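Peer 1: One structure, as structure tokens, below. Some questions next.
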Amino acid sequence: MIHFVLLISRQGKVRLTKWYSPYTQKERSKVIRELSGVILTRAPKLCNFVEWRGYKVVYKRYASLYFCMCIDEDDNELEVLEIIHHYVEILDRYFGSVCELDLIFNFHKAYYILDELLIAGELQESSKKTVARLIAAQDSLVETAKEEASSISNIIAQATKPELLVLWLAISSEETHTPAHAGVHLTSTGTTAYRADNGDRFGPAFSNRTRVTPVVNPSFPLEPLRLKPINELLEAERIDDAELFDMVGVVVGREDPI
Amino acid sequence: MDPILNPFSSGTRLRDMIRTIRACKTAAEERAAIRKECAAIRDSINENDPDYRHRNLAKLMFIHMLGYPTHFGQMECLKCIASPGFPEKRIGYLGLMLLLDERQEVLMLVTNSLKQDLNHTNQYIVGLALCALGNICSAEMARDLAPEVERLLQFRDPNIRKKAALCSIRIIKKVPDLAENFLKPATALLREKHHGVLITAVQLCTDLCKVSREALEHIRKKCTEDLVKTLKDLANSPYSPEYDISGIADPFLHIRLLKLLRVLGEGDADASDSMNDILAQVGTKTESNKVAANAILYECVQTIMSIEGNSGLRVLAISILGKFLSNRDNNIRYVALNMLMKAVTADPQAVLRYRATILECVKDADASIRKRALELVYVLVNETNVKPLTKELVSYLETCDQDFKGDLTAKICSIVSK
């Protein structure tokens with residue numbers, strides 16, 4: 001069986017630990033320190049197996065992360081290499097080209113995925129498609145619960161609660177010189193303005209995910225940001241020529257409530 | 001840091017707290033930040049606001065992963081698990097698995113919630129409970145909840161059946177007496193087509209055999225033939241994108257079946273006979289030099305070497321290992337040397353045929369391979385070959401690495417004294 005799974009960065013930071021055998025908190029820290037020392041100092045061309053305390057540890061490096069799994073002496077090391085790869089591929093599909101930052105900020109999701117892959121230190125599912133489907137189903141249960149929670153009774157509290165959608169919208173006008181880059185945060189109480197962190201004044205950055213910070217007393221007028229959902233635009237019987245349409249916003253993602 | 005959003009209030013989102021902590025430049029700064037955050041979480045816990053429970057727990061888990069103590073958060077796990085909503089239960093069970101271990105008494109308090117959730121109408125909640133139980137239950141909890149898990153082995157959804165199968169493994173390991181209760185439902189699962197259920201059921205049966213003599217005999221008698229057929233069908237199955245890895249259909253299932261067959265064939269001539277054909281097929285037809293294929297071959301070799309004698313198969317097994325020894329991938333060379341060590345006791349002559357390649361491995365670039373190869377040479381030494389073998393070793397001594405010289409010299413001395 002797999003006794004534990006460890007994900008450590010090149011600097012020895014722990015990104016994920018999962019224990020399938022009884023180790024006290026103290027023992028866990030000791031194991032992590034010891035193994036990190038052994039694995040991080042191994043030369044790159046050596047084989048992916050290390051003998052350690054009577055067990056075997058299989059590890060593989062993916063970019064800046066070391067994925068390690070500790071198994072019994074008589075287990076199949078080559079298979080565990082495949083299991084590690086299986087996990088990495090599923091993470092990659094879920095996050096879309098996964099990187100270490102994804103696993104840092106979404107560690108709970110990395111755990112949820114691992115829990116669909118292994119239980120009691122044994123493999124649970126060999127189909128990546130099935131794992132992806134199960135995770136998606138549970139994620140959508142969480143979404144539904146969130147949407148229900150943000151119903152009428154919660155509107156008052158919404159001001160301090162997390163947002164559901166971030167809609168990007170860009171307006172540029174050479175004549176009016178209105179600031180071109182603004183993100184708009186939709187809540188049920190109204191719109192708040194945000195300015196993109198990358199400091200661009202003109203031009204949208206749809207291909208990048210950008211963090212936003214709230215802007216108090218924005219210097220640019222909110223009035224020009226007259227937002228309409230796309231179907232309203234498409235079905236409008238008459239479009240006001242005075243209105244300037246520059247860009248259609250794209251929902252770039254839903255944010256986790258926590 | 002934005003003055004409006006204080007990262008140390010529970011109103012802050014998880015990712016803001018993470019970012020703030022990551023921005024700390026020294027260990028002292030980080031400690032101070034964590035202390036502040038823990039204080040805020042403690043206050044929030046005392047206010048008992050259900051809306052922030054979810055977020056507090058996630059923050060606690062992050063802090064825990066950094067290595068700081070988080071005992072004060074354990075009860076929050078229980079409160080989340082006891083909440084009716086799926087998101088709270090999901091994070092609650094995760095917190096449980098991360099922040100607690102089976103020796104803690106607090107764990108017992110979850111038993112009731114677990115029992116309710118194992119009977120929940122929402123199958124994903126049943127799944128959460130099975131997962132948590134399968135990962136950290138104590139012997140007492142195992143005993144309490146075994147009947148629920150047993151029942152779930154026949155649940156309508158395969159996702160639950162496969163989780164129940166793995167959960168059962170933990171239960172029988174904690175309380176071996178209960179093994180006989182799981183025997184019948186476990187063997188019934190062996191007839192399923194769903195790969196997830198098959199993989200977990202085969203693993204469950206393997207562990208049942210290890211834990212109970214009666215289980216082993218029962219499964220050997222009733223299931224060996226069917227298992228051989230399942231493996232045959234799998235090996236001959238057409239391309240399936242869902243399960244294909246490097247051109248092979250579900251290598252994981254291949255490997256688990258081979259492992260179970262090994263347990264069943266060991267010490268029993270009839271059972272071993274019935275698997276000879278499929279072992280020969282897997283051993284000869286598995287092509288490709290990818291890890292998946294070699295993992296299957298490796299398992300196949302292990303099975304052949306453990307079951308009752310068929311000299312033809314053993315020759316095949318050793319030849320596979322021989323090929324492994326010349327493989328460019330050092331992982332493959334490493335496992336081959338390991339296996340040859342075990343094969344030597346059964347058939348030293350066959351292994352000796354690969355003497356030259358083994359000696360090459362003593363000079364390998366990889367230290368673990370050199371070590372293994374040296375041990376193997378030591379075991380292979382006999383009166384007829386001691387002279388040429390030691391000669392080789394001594395000549396290598398002149399050119400090898402400093403740190404290896406010690407080991408090598410010691411080994412040469414032991415050989416001479418043998």
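Peer 1: May I ask you to derive the FRET efficiency for B:A188 and B:V416 from their Cβ-Cβ distance with R0 = 60 Å, giving the value to the nearest 0.05?
Peer 2: Working: r = 60 Å, r/R0 = 0.99.
My answer for the efficiency is 0.50.
Peer 1: Can you send over the carbon and sulfur percentage of the accessible area for the range B:1-100, probe radius 1.4 Å, protein chains only?
Peer 2: Exposed carbon and sulfur together represent 54 percent of the surface.
Peer 1: At 222 nm, what helix-only mean residue ellipticity would chain B give, in deg cm²/dmol to the nearest 500, using -39500 (n - 2.57) for each DSSP H run of four or more?
Peer 2: Theoretical 222 nm ellipticity from helices: -24000 deg cm²/dmol.
Peer 1: Moving to a separate point now. If I compute solvent accessible area with a 1.4 Å probe over the protein chains, what percent of it on the range A:29-145 is carbon and sulfur?
Peer 2: Numbers: 2290 of 4180 Å².
The value for the range A:29-145 is 55 percent carbon and sulfur by accessible area.
Peer 1: How large is the dipole of the range B:1-100 about the Cα centre if only Lys and Arg carry +1 and Asp and Glu carry -1, each at its Cβ, rounded to the nearest 20 debye?
Peer 2: 280
Peer 1: I need the shape label for the range B:111-211. Rule: rounded when a/c is under 1.5, else prolate if a/b > b/c, else oblate, with a, b, c from the alpha carbon gyration tensor. Provide the component values of the computation, followed by the final result.
Peer 2: Values: a/c = 1.90, a/b = 1.10, b/c = 1.73.
Judged from the Cα gyration tensor, the range B:111-211 comes out oblate (a/c at least 1.5, b/c at or above a/b).
Peer 1: While we're on this one: Tell me, what is the 1.4 Å probe accessible area of A:I90, in Å² to the nearest 10?
Peer 2: 10
Peer 1: Follow-up question, since we're still on this one. Rounded to the nearest 10 Å², what accessible area does B:F324 have for a 1.4 Å probe in the complete protein model?
Peer 2: Counting only protein heavy atoms, the figure is 10 Å².
Peer 1: Can you tell me which of B:102-109, B:236-243 comes out highest on packing, and rank the rest after it, using the mean Cβ neighbours within 10 Å?
Peer 2: The most tightly packed comes first, giving B:102-109, B:236-243.
Peer 1: So which of A:K13/B:K115; B:K89/B:K210; B:K285/B:K371; B:K162/B:K222; A:K26/A:K60; B:K229/B:K285 end up more than 28 Å apart by C-alpha? All intermediate terms of the calculation are to be shown ahead of the outcome.
Peer 2: Numbers: A:K13/B:K115 37 Å; B:K89/B:K210 34 Å; B:K285/B:K371 32 Å; B:K162/B:K222 21 Å; A:K26/A:K60 26 Å; B:K229/B:K285 17 Å.
Exceeds cut-off: A:K13/B:K115; B:K89/B:K210; B:K285/B:K371.
Peer 1: Give me the residues in the range B:157-198 whose solvent-accessible area, probe 1.4 Å, is reduced by at least 50 Å² once all protein chains are included instead of the chain isolated.
Peer 2: B:K162, B:K163, B:L166
Peer 1: Measure off 7 Å from each Cα along the Cα-to-Cβ vector at B:L352 and B:E29, then give the distance between these two points in nanometres to one decimal.
Peer 2: It works out to 6.8 nm between the two label points.
Peer 1: Ok, one more. With unit charges on the beta carbons (Lys and Arg positive, Asp and Glu negative) and the dipole taken about the Cα centre of the range B:1-100, which residue among B:P87, B:H64, B:Q74 sits farthest to the positive side?
Peer 2: It is B:H64.
Peer 1: Within the set of other residues whose C-beta is less than 11 Å from the C-beta of B:I255, count the net charge using Lys and Arg as +1 and Asp and Glu as -1. Working shown, then result.
Peer 2: Working: positive: B:R256, B:K259, B:R262; negative: A:D75, A:E79, A:E82, B:D250, B:E299.
It works out to a net charge of -2.
Peer 1: Given a 1.4 Å probe, show me the residues in the range A:5-22 buried by at least 10 Å² of accessible surface when comparing the whole protein assembly to the chain alone.
Peer 2: By number: A:K13, A:V14, A:R15, A:T17, A:K18, A:W19, A:Y20, A:P22.
Peer 1: Want the number for A:K30 to A:S140: 0.36 nm per residue separation, take away the alpha-carbon distance, what's left?
Peer 2: Length gained, A:K30 through A:S140: 35.8 nm.
Peer 1: Let me ask something else about it. Per residue, how much accessible surface does chain B expose to a 1.4 Å probe? Answer in Å², no decimals.
Peer 2: On a per-residue basis, 43 Å².
Peer 1: Report the local net charge at A:V88: Lys and Arg +1, Asp and Glu -1, summed over other residues whose C-beta lies under 11 Å from its C-beta. Present the calculation step by step, with values, prior to reporting the outcome.
Peer 2: Working: positive: A:K60, A:R61, A:R93, A:K128; negative: A:E82, A:E89, A:D92.
In short, +1.
Peer 1: How many Cβ atoms of partner chains, on average, are near each residue of B:87-93 if near means within 10 Å of its Cβ?
Peer 2: That average works out to 4.
Peer 1: Right, something else. Leaving out ligands, DNA and RNA, and with a 1.4 Å probe, what % of the accessible surface on the range B:259-363 is carbon or sulfur?
Peer 2: Its accessible area is 47 percent carbon and sulfur atoms.
Peer 1: Determine ³J(HN,Hα), in whole Hz, for all residues of the range B:61-70 in sequence, where each value follows from phi through the Karplus function 6.51 cos²θ - 1.76 cosθ + 1.60 and θ = phi - 60°; x replaces Gly and Pro.
Peer 2: Taking θ as phi minus 60°, the curve returns 5, 5, 4, 4, 5, 6, x, 8, x, 9 Hz for the range B:61-70.
Peer 1: Here's another thing I want to ask about it. Per-residue counts of other Cβ atoms within 10 Å, averaged by peptide: what ranking do you get for A:80-87, B:27-34, B:225-232, highest first? Mind dumping the intermediate values first?
Peer 2: On the way: A:80-87: 21.4, B:27-34: 13.6, B:225-232: 17.2.
In decreasing order of mean packing, A:80-87, B:27-34, B:225-232 become A:80-87, B:225-232, B:27-34.
Peer 1: Right, something else. What FRET efficiency, computed as 1/(1 + (r/R0)^6) with R0 = 56 Å and r the Cβ-Cβ distance, is obtained for B:Y239 and B:L397, rounded to the nearest 0.05?
Peer 2: Computed FRET efficiency for B:Y239 and B:L397: 0.60.
Peer 1: Taking H as built 1.01 Å from N, whose amide H comes closer than 5 Å to the amide H of B:G267, not counting residues under 5 places away?
Peer 2: B:E308
Peer 1: Have a look at the range B:13-29 and report residues whose accessible surface goes down by 30 Å² or more when the remaining protein chains are included, against the chain on its own, probe 1.4 Å, ligands and DNA/RNA excluded.
Peer 2: Listed by number, the residues meeting the 30 Å² cut-off are B:R13, B:L14, B:R15, B:I18, B:R19, B:R22.
Peer 1: I'd like the interface area for chains B and A: accessible area of each alone minus the complex, both sides summed, 1.4 Å probe, protein heavy atoms only. What is it in Å² to the nearest 100?
Peer 2: Separately minus together, B and A give about 6600 Å² buried.
Peer 1: Once ligands and nucleic acids are excluded and a 1.4 Å probe is used, how much of B:V315 is accessible, expressed in Å² to the nearest 10?
Peer 2: 90
Peer 1: Please average, across the residues of A:76-87, the number of beta carbons from any other chain that are within 10 Å of each residue's own beta carbon, and give a whole number.
Peer 2: 6
The values are calculated or read from the model by the stated rules, or taken from the named source; none is laboratory data. The structure displayed is predicted, hence computed values, not measured ones. Glycine gets a Cβ as well: all are built from the backbone with ideal geometry, and neighbour counts include every protein chain shown. Note: accessible area is taken over every heavy atom of the protein model, side chains too, but ligands, DNA and RNA are not part of it. Shrake-Rupley method; radii C 1.70, N 1.55, O 1.52, S 1.80 Å.
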